[in-house]
Amino acid sequence: MQINRIGRDISVLADCQEVPGIGFVPVNAFVLHATEPVVIDTGLPGARFLDALGSVLDPRDVEWIWITHPDRDHTGSLRALLTAAPRARLITTFLGMGILSMEGPLPMDRIYLLNPGQSLDVGDRRLTAFRPPLFDNPSTTGCADERTGACFSSDCFGAPMPTAELATCPDAGYLDRAELRARQLLWATADSPWVHTVDPVKYRATLTELHALDPALILGTHLPPAAGRTPEFLETLAAAPGSDPFLGPDQAALEQLLAGFEPVA
């Protein structure tokens, strides 16, 4: 796990997961060092998330936990963090709360429901929830920080990277622009396959909110940090409905892949 610091305000807890035949998918969580510290998503399951968090912030000082949506790569250490951060409140939506509750009871007195368009004061700044243009879970909410100009975009803008080092690097600019665009379109069509069925005009209208926000920094769960690239990335999203649909490997391809592995003793 790699810790990348962005100025004084943001720590990126950068992890990744290899997907054979696709690449290394970044799995980022973030710490916003506000007056009331905010942890945005909680990474993959396992002790390394809390170890990484503890290297940048005492978990007991966490005031808010923002879950962009309740998939396991975003909630892997949520319940451990709720225990380690006894004052923290969990930010989600009504639907997100319902999905999270299917795994087990939640401390209802610690939940804070925030819908897209609503804002939350965390002491020295306001955070505004928004619905990203692309998502794979109906409860997804991104987060815009008015102070830093950072946009925490959840799955939107993601891209599997060719190496683990690039997946956890501090800047998406380490990868060639054309290759990054191709990888973002691969992710868009794999993670949000519904994009091929939408009305193109209505879909493009969903990009206008981020155009208007024009965030200085895009921080995606599945993308290294990207500064000053919002117009470029939105153009890539606009092309997603017309790009090739994702089709994963079939059984024959899986057997061919497994043939290359040594059996575990």
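Taking the criterion of being polar (S, T, N, Q), within 23 Å of residue 41 (Cβ to Cβ), out of contact with any Leu (no Cβ under 7 Å at 6 or more places or on another chain) and surrounded by 22 or more Cβ atoms within 10 Å (Cβ to Cβ), would at least one residue in the range 200-215 satisfy it? Looking through the range 200-215, none of the residues is polar (S, T, N, Q), within 23 Å of residue 41 (Cβ to Cβ), out of contact with any Leu (no Cβ under 7 Å at 6 or more places or on another chain) and surrounded by 22 or more Cβ atoms within 10 Å (Cβ to Cβ).
Among the conditions (1) farther than 30 Å from residue 249 by Cβ; (2) surrounded by 23 or more Cβ atoms within 10 Å (Cβ to Cβ), the only one that residue 8 does not satisfy is (2). Restricting the first member to the range 16-28 and to residues that are more than 22 Å from residue 68 (Cα to Cα) and touching a residue at least 12 places away in the same chain (Cβ under 8 Å), and the second to residues that are hydroxyl-bearing (Ser, Thr, Tyr) and surrounded by 13 or more Cβ atoms within 10 Å (Cβ to Cβ), no beta-carbon pair is closer than 6 Å while six or more apart or on different chains.
Just name the residue that is nearest to residue 150 (Cα to Cα) out of those in the range 15-42 that are of a type outside the set (Val, Ile, Thr) and within 11 Å of the chain's Cα centre (by Cα).
30
Consider residue 149 carefully, then state whether it is modelled with pLDDT of 95 or more, over 17 Å from the mean Cα position of the chain (by Cα), surrounded by fewer than 18 Cβ atoms within 10 Å (Cβ to Cβ) and on the phi > 0 side of the Ramachandran plot. Answer is no for this residue. Comparison of 158, 142, 228 shows that the only residue that is more than 16 Å from the chain's Cα centre (by Cα) and of a type outside the set (Ser, Thr, Tyr) is 228. For residues that are part of a strand (DSSP E or B) and touching a helix residue (DSSP H, G or I) at 6+ places or on another chain (Cβ under 7 Å), scanning just the range 30-54, find the one that is surrounded by the most Cβ atoms within 10 Å (Cβ to Cβ). So the residue we want is 39. On inspection, residue 84 passes the criterion of being of a type outside the set (Lys, Arg), surrounded by fewer than 18 Cβ atoms within 10 Å (Cβ to Cβ) and touching a helix residue (DSSP H, G or I) at 6+ places or on another chain (Cβ under 6 Å). Taking the criterion of being out of contact with any helix residue (DSSP H, G or I) (no Cβ under 8 Å at 6 or more places or on another chain) and of a type in the set (A, V, I, L, M, F, W, C), the residues of the range 189-212 that qualify are 190, 194, 201, 205, 212. Residue by residue through the range 1-20, note down the ones that are assigned to a strand (DSSP E or B) and either farther than 20 Å from residue 72 by Cα or touching a helix residue (DSSP H, G or I) at 6+ places or on another chain (Cβ under 8 Å) (or both). Within the range 1-20, 3, 4, 5, 6, 10, 11, 13, 14, 15, 16, 17, 18 meet the criteria.
Residues of the range 55-78 being under 18 Å from the mean Cα position of the chain (by Cα) and surrounded by fewer than 18 Cβ atoms within 10 Å (Cβ to Cβ), which ones?
72
Taking the range 88-111 as the range and being within 26 Å of residue 8 (Cα to Cα) and either in contact with a Lys or Arg (Cβ under 6 Å, 6 or more places away or on another chain) or charged (D, E, K, R) (or both) as the test, the residues that pass are 89, 90. If residue 157 meets every condition in (1) surrounded by fewer than 22 Cβ atoms within 10 Å (Cβ to Cβ); (2) of a type in the set (Phe, Trp, Tyr); (3) not in a strand (DSSP E or B) apart from one, which number is that one? Exception for residue 157: condition (1).
Against the list (1) closer than 30 Å to residue 7 by Cα; (2) surrounded by fewer than 16 Cβ atoms within 10 Å (Cβ to Cβ), the condition residue 242 fails is (1). The set of residues from the range 218-235 being in contact (Cβ under 8 Å) with a residue 60 or more places away in the chain and within 18 Å of residue 161 (Cα to Cα) comprises 218, 219, 220, 221, 222, 223, 224, 225, 226, 233.
Taking the conditions exactly as written (farther than 25 Å from residue 15 by Cβ and either at pLDDT 95 or above or among the basic types (Lys, Arg) (or both)), does residue 114 satisfy them or not? In short, yes.
The values are calculated or read from the model by the stated rules, or taken from the named source; none is laboratory data. Keep in mind it's a predicted model, so treat the numbers as computed, not measured. All Cβ positions, glycine included, derive from the backbone under ideal geometry; neighbour counts span all protein chains shown.
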